[in-house]
Amino acid sequence: MNPAAFALWWRAAARWLLACVLMGAAFIAQAQTIRYDAATRVFRIDTDAVSYAFGVNENDQLQTLYWGARLAAGDALPAAHTNEGNVSFDPPESTSLQEYAGWGGSLYVEPDLKLRYANGNRDLVLRYVSHRIDGNRLDVHLRDIRQPLDVTLHYVVDPATGIIGRSALIENHTKQAVTIDSVAAASWNLPAGEDYSLRYLTGRWAGEWQLQTRAITPGNTVLESRRGSTGHENNPWFAIERGGEWAENHGDVWFGALAWSGSWRITVEQGVLHQVRVTGGFNPFDFAWPLAPGESLSTPVFYAGYTSGGIGEASRLLHRFELTQVLPQQPKPRLRPVLYNSWEATNFAVDQAGQEHLAELAASIGVERFVMDDGWFGARNDDHAGLGDWVVNPKKFPHGLKPLIDKVHALGMDFGLWVEPEMVNPDSDLYRAHPDWVLNFTGRPRSEGRNQLVLNLARQDVRDYVLKVLDDLLSHNDIAFLKWDYNRNWSEPGWPQVAPDQQRKVYVAYVRNLYGILAELRKRHPHVEIESCSGGGGRVDLGILGHTDEVWPSDNTDPFDRLSIQDGFSYAYSPAVMMAWVTDSPNWVNNRRTSLDYRFLSSMQGSLGIGANLLHWTPTDFATAKNYVADYKAIRASVQHGRLYRLLSPRDNSPHAVTESVAQDGAQAVLFAFLQASQMKYPYPRVRLQGLDPDARYRWRSLHGEPVAGTLAEASGAYWMHHGIDLALTGDHQAAAIVFDRVGGGQ
Ligand code: DGJ
């Protein structure tokens with residue numbers, strides 16, 4: 001090769017080498033979920049659809065830089081700089097979007113951490129010290145400017161959904177005692193804007209899961225529970241949309257949920273420069289956590305995500321996240337069995353013969369799990385006595401639970417049992433023996449709720465007792481499922497057995513022991529599944545869902561009310577965990593009469609259960625029910641683990657409600673449609689499906705109700721999504737369920 005040719009060859013080879021190196025670097029950068037740029041001091045989290053970034057500013061404080069749709073790998077975010085604001089009244093600490101702000105200096109926005117030292121100092125200013133990246137996890141270490149008061153921020157990223165979990169560990173390495181007055185898991189910052197609106201869930205007993213929408217304007221919106229548990233009134237979930245359209249299938253939505261089952265608070269704040277900040281953690285109301293030198297406190301996890309696919313996609317991401325990351329059986333939870341529950345049939349009047357008879361009837365329609373509810377123990381004939389005495393009632397079950405359990409097994413079902421382990425009736429042997437075991441302030445009244453008091457689970461002896469009782473129950477009986485109930489909120493939350501400065505730890509210590517008991521029981525009895533119930537949906541959150549397999553969304557089983565209850569529930573939680581029973585008509589809640597078909601279709605939108613008094617059913621009812629239970633088993637994978645599309649909302653007195661569940665593999669879609677009342681001969685609105693493969697062919701079949709005459713028997717996904725289907729629904733409280741099976745084409 002002559003020198004000129006060699007030079008040419010060398011230049012080409014060098015270019016090729018450089019390209020390889022750059023591509024390799026880009027590939028590595030692309031593949032890494034979490035990166036830190038030392039030159040700009042910027043942390044960047046990238047998943048397929050989402051980017052989240054924060055930096056260390058010139059004051060060494062962490063400042064959010066970006067949270068939204070995925071940015072290109074080459075988009076180098078500029079370093080963080082404090083906002084100048086107005087130096088008199090709006091200082092940089094308050095107008096710069098801090099990731100985690102200590103209350104100190106001149107901070108006026110919601111602090112993440114507020115504390116006081118024994119010497120009276122209450123100033124806390126946190127600065128970046130160091131960090132550690134470990135796969136999808138990032139820890140950032142902060143320290144106060146003067147004291148070794150340390151905070152470690154944990155970030156954990158789920159690449160599949162783009163959902164990030166954030167929590168904080170507070171460590172007192174100083175030489176004096178510190179008391180934490182308020183501590184959040186995280187603050188989530190959104191860019192400045194005046195067109196944000198907030199969605200959140202409110203309710204009460206028998207009226208849970210009502211979706212609320214309000215514009216975010218200057219000031220704070222506080223969502224909270226001060227009741228010791230999650231509560232029916234507010235749920236620790238939020239969604240924020242930009243633009244105010246709230247479309248189901250497009251638009252920027254930021255959403256989040258706090259994994260905590262005790263008193264909690266989420267504050268949605270619009271600051272003076274229209275920046276939106278969402279801060280969530282333990283509720284600071286009546287809270288105080290002393291930290292002696294060397295002690296620490298960790299917060300629950302506050303999860304949040306972003307999508308440009310509208311609120312419908314936000315819900316689907318949360319559903320996926322719950323199934324694959326949160327539930328005890330993640331990443332592939334077992335499909336929920338069809339269960340029967342005795343509560344609405346018998347109330348407290350359970351006995352061996354009666355339960356065996358109900359079990360026979362339940363088995364005849366294909367039920368897979370038979371659950372005996374309240375009334376089987378102690379002197380529990382109504383809600384005045386017996387709670388706390390977890391001994392089988394000898395009059396009702398002379399030979400213990402074994403004969404009933406054997407019978408249930410012989411019928412081909414597994415057996416479940418109701419318990420309410422955290423409570424006690426004053427009229428019980430347990431309370432007579434241990435009146436000091438309940439939450440109380442010495443010498444003050446003990447307010448009862450449903451004639452019961454709350455055991456102080458924060459106490460080690462109470463925690464040990466509850467664990468032993470349940471462990472014995474599960475060790476001596478072949479029980480596959482516990483319905484874990486919790487039927488009142490706290491009052492007089494005193495813990496007189498510990499020093500006064502330790503007593504307010506009860507809010508956290510109680511819940512931690514609850515989680516500990518659940519975890520230990522699951523470890524010792526790995527096959528046992530658990531439902532979280534609190535007078536209906538009073539304890540549903542991502543914390544309890546880490547320890548339980550399903551939840552009871554509401555005591556309200558009216559199938560019409562359930563449409564809006566289930567609709568609200570679905571914004572935050574997966575249909576897989578949403579138990580829904582078919583009960584009697586007229587329903588006890590509203591005295592409303594509905595057909596068995598309507599009741600089944602309403603319940604089949606979630607995890608199906610039967611709670612009716614089967615002794616009152618006709619042979620036709622049994623035949624109808626048997627068909628629906630069989631149908632449900634064939635579609636439940638789509639309903640429970642599929643993708644949910646809310647096509648028509650039942651909210652705001654809408655006469656129509658439609659949902660569609662699409663199987664994960666796209667092979668099936670199930671449409672549920674409800675008509676509350678026909679009016680003026682209007683036809684049912686045409687239903688356009690979503691989430692199908694446009695190129696695949698789908699053939700419909702009816703479980704109940706029909707499309708109008710002349711509807712194509714089979715068509716492309718594009719046809720069903722763009723043209724849609726007309727349903728022949730008329731009358732009052734009518735319902736239809738149509739299954740679309742993929743019969744070919746597509747991918
Ligand atoms: C409240 C629950 O929500 C009901 O389903 C039932 O289990 C009762 N408690 C039993 O007391």
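Throughout, read-outs are computed from the coordinates displayed, never taken from laboratory work. Note that the coordinates shown come from a computational prediction; the quantities given were computed from them, not determined experimentally. Here Cβ is always computed from backbone atoms with ideal geometry, including for glycine, and neighbour counts include all displayed protein chains.
Summing Cβ point charges (Lys, Arg +1; Asp, Glu -1) relative to the Cα centre of segment 34-326 gives a dipole of roughly 540 debye. For segment 543-603, the fraction of alpha-carbon pairs lying more than 12 Å apart is 65 percent, rounded to a whole number.
DSSP H helices in the chain with Cα extent of 27 Å or more along the helix axis and mean Kyte-Doolittle hydropathy at least 1.6?
Working: long enough: 3-31 (41 Å, 1.26); 619-641 (33 Å, -0.49).
Helix filter hits for the chain: none.
Does a label point 7 Å from the Cα of residue 249, set along Cα-to-beta-carbon, have any residues of segment 650-675 with amide nitrogen under 14 Å, and which are they? Those under the cut-off are 659-662.
Using 1/(1 + (r/R0)^6) with R0 = 22 angstrom and r between the beta carbons of residue 395 and residue 448, what's the FRET efficiency to the nearest 0.05? Before the final figure, lay out each step's value.
On the way: r = 26 Å, r/R0 = 1.17.
Efficiency, rounded to the nearest 0.05: 0.30.
Counting neighbouring beta carbons within 10 Å and listing from fewest to most, the residues 87, 157 come out as 87, 157.
Here, P(r) means the percent of Cα pairs in each 5 Å bin from 0 to the largest distance; for segment 656-745 it is 3, 15, 28, 25, 16, 8, 4, 1, 0. Working note: Cα gyration tensor of segment 59-200, eigenvalues times five, square-rooted, sorted largest first, giving semi-axes of 27, 20, 15 Å. Here the contact order of segment 34-326, divided by its residue count and restricted to Cα pairs under 8 Å and six or more residues apart, works out to 17 percent.
Think of the chain as a dipole: +1 on every Lys or Arg Cβ, -1 on every Asp or Glu Cβ, centred on the Cα centre; then among 180, 491, 447, 180 lies furthest on the positive end. Spin-label pair residue 58-residue 711: with each label point 7 Å from Cα along the Cα-Cβ axis, the two points sit 6.6 nm from one another. Computed over segment 34-326, the alpha-carbon pair-distance distribution with 10 angstrom bins reads 6, 29, 38, 22, 5, 0, each value a whole percent. Computed over the alpha carbons of segment 339-641, Rg followed by Dmax gives 19.5, 64 Å. When the C-alpha to C-alpha distance is required to be over 26 Å, the pairs from 523/626; 396/523; 395/468; 332/505; 395/483; 483/505 that qualify are 523/626; 396/523; 332/505; 483/505.
May I ask you to order 528-539, 283-294 by the average number of other C-beta atoms within 10 Å around their residues, highest value first?
Numbers: 528-539: 24.5, 283-294: 16.2.
Highest mean packing first, the order is 528-539, 283-294.
Length gained on full extension, residue 106 to residue 478: 127.9 nm, using 0.36 nm per residue less the C-alpha separation. Considering only 412, 388, 582, and ranking their Cα positions along the charge dipole of segment 339-641 that arises from unit charges at the beta-carbon of Lys, Arg, Asp and Glu, the one farthest toward the positive end is 388.
Counting 0.36 nm for each residue step from residue 75 to residue 627 and taking away their Cα separation leaves a gain of 193.0 nm.
In the chain, helical runs assigned H by DSSP with n ≥ 4 each contribute -39500 (n - 2.57); averaged across all residues and rounded to the nearest 500, the mean residue ellipticity at 222 nm is -7000 deg cm²/dmol. To the nearest 20 Debye, how big is the dipole of segment 656-745 about its Cα centre, given +1 on the beta carbon of each Lys and Arg and -1 on that of each Asp and Glu? Computed charge dipole of segment 656-745: roughly 160 debye. Normalised by 2.2 N^0.38 Å, where N counts its residues, the alpha-carbon radius of gyration of segment 254-397 equals 1.60.
FRET efficiency for the pair residue 130 and residue 654, taken as 1/(1 + (r/R0)^6) with r the Cβ-Cβ distance and R0 = 60 Å, rounds to 0.65.
Taking all Cα pairs closer than 8 Å and separated by 6 or more residues, the relative contact order of segment 343-390 comes to 41 percent.
Rg to Rh ratio, segment 562-709, alpha-carbon atoms and Kirkwood radius? A ratio of 0.95. Label-to-label distance, residue 295 versus residue 410, with points set 7 angstrom from Cα along the beta-carbon direction: 5.7 nm. Mean sequence separation of contacting Cα pairs (under 8 Å, at least six apart), scaled by the length of segment 614-747, corresponds to a relative contact order of 25 percent.
Taking the radius of gyration and the Kirkwood hydrodynamic radius from Cα positions alone, what is the Rg/Rh ratio for the chain, to two decimal places? Rg/Rh for the chain comes to 1.01. Once the Cβ-Cβ distance of residue 497 and residue 688 is raised to the sixth power relative to R0 = 60 Å, the FRET efficiency obtained is 0.45. Given +1 at the Cβ of Lys and Arg, -1 at the Cβ of Asp and Glu and no other charges, the dipole of the chain around its Cα centre is 920 debye to the nearest 20. Across segment 422-497, Cα-Cα distances exceeding 17 Å account for 48% of all pairs.
In the chain, taking the dipole from charged Cβ atoms about the Cα centre, the farthest positive-side position among 240, 40, 469 is held by 40. Taking every alpha-carbon pair within segment 582-625, the share separated by more than 18 Å comes to 21 percent.
If you take every DSSP beta bridge whose two residues both sit in segment 339-641, what share of them, in percent to the nearest 5, is antiparallel? Display every interim value, and only then the final one.
Values: 6 of 32 bridges.
Close to 20 percent.
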